[in-house]
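Undergrad: Just passing along the structure, written as structure tokens.
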Amino acid sequence: VGNYKRTVKRIDDGHRLCNDLMNCIHERARIEKVYAQQLTEWAKRWKQLVEKGPQYGTVERAWCAFMSEAEKVSELHLEVKGSLMNEDFEKIKNWQKEAFHKQMMGGFKETKEAEDGFRKAQKPWAKKLKEVEAAKKAYHAACKEEKLAISRETNSKADPALNPEQLKKLQDKVERSKQDVLKTKEKYEKSLKELDNATPQYMENMEQVFEQCQQFEEKRLRFFREVLLEVQKHLDLSNVASYKNIYRELEQNIKTADAVEDLRWFRANQGPGMSMNWPQFEEWSADLNRTLSRREKKKASDGVTLTGINQTGDQVSQPNKHSSSLSVQSNTVQSVQSSYNPFEDEEDTGSTVSEKEDNKIKNASSYEKNQSYPTDWSDEESNNPFSSTDANGDTNPFDEDTPPTMEVRVRALYDYEGQEQDELSFKAGDELTKMENEDEQGWCKGRLDNGQVGLYPANYVEPIQ
């Protein structure tokens, strides 16, 4: 009696399982969205690095094909996210609303109907069962009383002090006990027989209500199976033709990379095959605009005029992506390999790439393909590779008159575009080496990481601590 409550509880569990399935799909959709965003940001960042890096030609296009693949796959995963939320999630939500009807007093209408059906079917049989239990209890009590009366009568016969009148009472007690046993036994057997006769009808009524619950649960189970199959189709990108085409196209782009073609292009554009601008005689013209020298500019104004300043809150601390991030004097091959763990967990703050990872990956490109190189040459110490300091930074043992200089690493605070050929150009956040201290006009001599030596305004940089 009352065990039907397990079947009734299953209806409430069905409603809760709908919520669980919706939450499950919602979490997967959020993962798909975050993954798509990460792919897009990764592709955008690395596409810029490759395009501005030293790689060129067909291999560059093959490398960039990976970023194109990421952008296309990102779009597919956004479509998966949309299908999960707009189709599967909404379908479960609507089915749950149609299948379960809430009552004013709480609970669901389907639960109350099942509860009432089971209680109504079980009530007559439960009443008869209660009568059987009472009859059984009375019969067992009569048997116990009969046994006790017989025991007393037996003991009194062995007692000579007991008078005949008392013995007669004990014998009458035994007789009444036997009659009570017969009556209670008859009543117990009768109530049990009535219970047995009512059992088939009871089973039929309970079975009928149970089957109704089974049919309701069957609808839920079949619906869940249907939804899960649809979710599987939405998640399975291997059957999507466009997904296969992405990697077929990627493979073709990689196979089109031709080393011979790239070398031929570099020879024609950056090597001996490029067009030469040989020096030619140029006639002097008075109409040419006279260019003020750096010294004359400084005399015409009080102090240094800041030109090309482009400072933001983060530019001072972050390295410029348009400049070299490898120093000649330091081994920076470890810039990516030494401390960056690609499997390190990231915080789920809505940003798909952590600032730490972003700063480290920016160091992957050593320099830009359009990096400026010094176009002039002279015998002056600043551009002469055979001067007092060689490529390794060691002093020339044959140059005894050269005074020792203390080189200091500094970081640019602002963007600066060189106004003359012997001036350096850099961006805010770039690092360079100061070779000589500030002169009277407020200029310092320094060297960029690409080896270019020149002058720059002293108040545009700060020492690196």
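Undergrad: Being of a type outside the set (D, E, K, R), free of Cβ contacts under 8 Å to residues at least 60 places away in the same chain and within 25 Å of Asn239 (Cα to Cα) is the filter here; which residues of the range 29-67 pass it?
TA: Correct list: Ile31, Tyr35, Ala36, Leu39, Thr40, Ala43, Met67.
Yes/no matrix, rows are residues, columns are (1) open to solvent by less than 80 Å² (accessible area, probe 1.4 Å); (2) part of a helix (DSSP H, G or I); (3) charged (D, E, K, R); (4) within 25 Å of Glu90 (Cβ to Cβ):
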| residue | (1), (2), (3), (4) |
| --- | --- |
| Gln208 | no, yes, no, no |
| Gln214 | yes, yes, no, no |
| Glu226 | no, yes, yes, yes |
| Ser242 | yes, yes, no, yes |
| Ile254 | yes, yes, no, no |
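Undergrad: Tell me which residues, restricted to the range 144-184, are crowded, with 16+ Cβ neighbours inside 10 Å and within 30 Å of Ala198 (Cα to Cα).
TA: Across the range 144-184, the qualifying residues are Asp180, Val181, Thr184.
Undergrad: Please enumerate the residues belonging to the range 409-423 that are assigned to a loop (DSSP other than H, G, I, E, B) and either open to solvent by less than 30 Å² (accessible area, probe 1.4 Å) or not charged (D, E, K, R) (or both).
TA: Leu413, Tyr414, Asp415, Gly418, Gln419, Gln421 - these are the residues of the range 409-423 that are assigned to a loop (DSSP other than H, G, I, E, B) and either open to solvent by less than 30 Å² (accessible area, probe 1.4 Å) or not charged (D, E, K, R) (or both).
Undergrad: Hey, among Ala65, Ala43, which residue is touching a Leu at 6+ places or on another chain (Cβ under 7 Å) and crowded, with 16+ Cβ neighbours inside 10 Å?
TA: Only one candidate qualifies: Ala65.
Undergrad: For the range 15-40, how many residues are open to solvent by 30 Å² or more (accessible area, probe 1.4 Å) and more than 22 Å from Ser74 (Cα to Cα)?
TA: So the answer is 6.
Undergrad: Return the only residue of Ala149, Ala126, Ala114 being assigned to a helix (DSSP H, G or I), in contact (Cβ under 8 Å) with a residue 24 or more places away in the chain, within 60 Å of the chain's Cα centre (by Cα) and more than 30 Å from Glu226 (Cα to Cα).
TA: Only one candidate qualifies: Ala126.
Undergrad: Here is a further query. Since Ala135 meets every condition but one in (1) of a type outside the set (Asp, Glu); (2) open to solvent by less than 30 Å² (accessible area, probe 1.4 Å); (3) within 30 Å of Ala259 (Cβ to Cβ), which condition does it not meet?
TA: So the condition that Ala135 fails would be (3).
The values are calculated or read from the model by the stated rules, or taken from the named source; none is laboratory data. These numbers come from a predicted model, not from an experiment. Backbone-built Cβ (ideal geometry, glycine too); neighbour counts: all protein chains shown. With ligands, DNA and RNA removed, areas are computed over all heavy atoms of the protein, side chains included. Shrake-Rupley method; radii C 1.70, N 1.55, O 1.52, S 1.80 Å.
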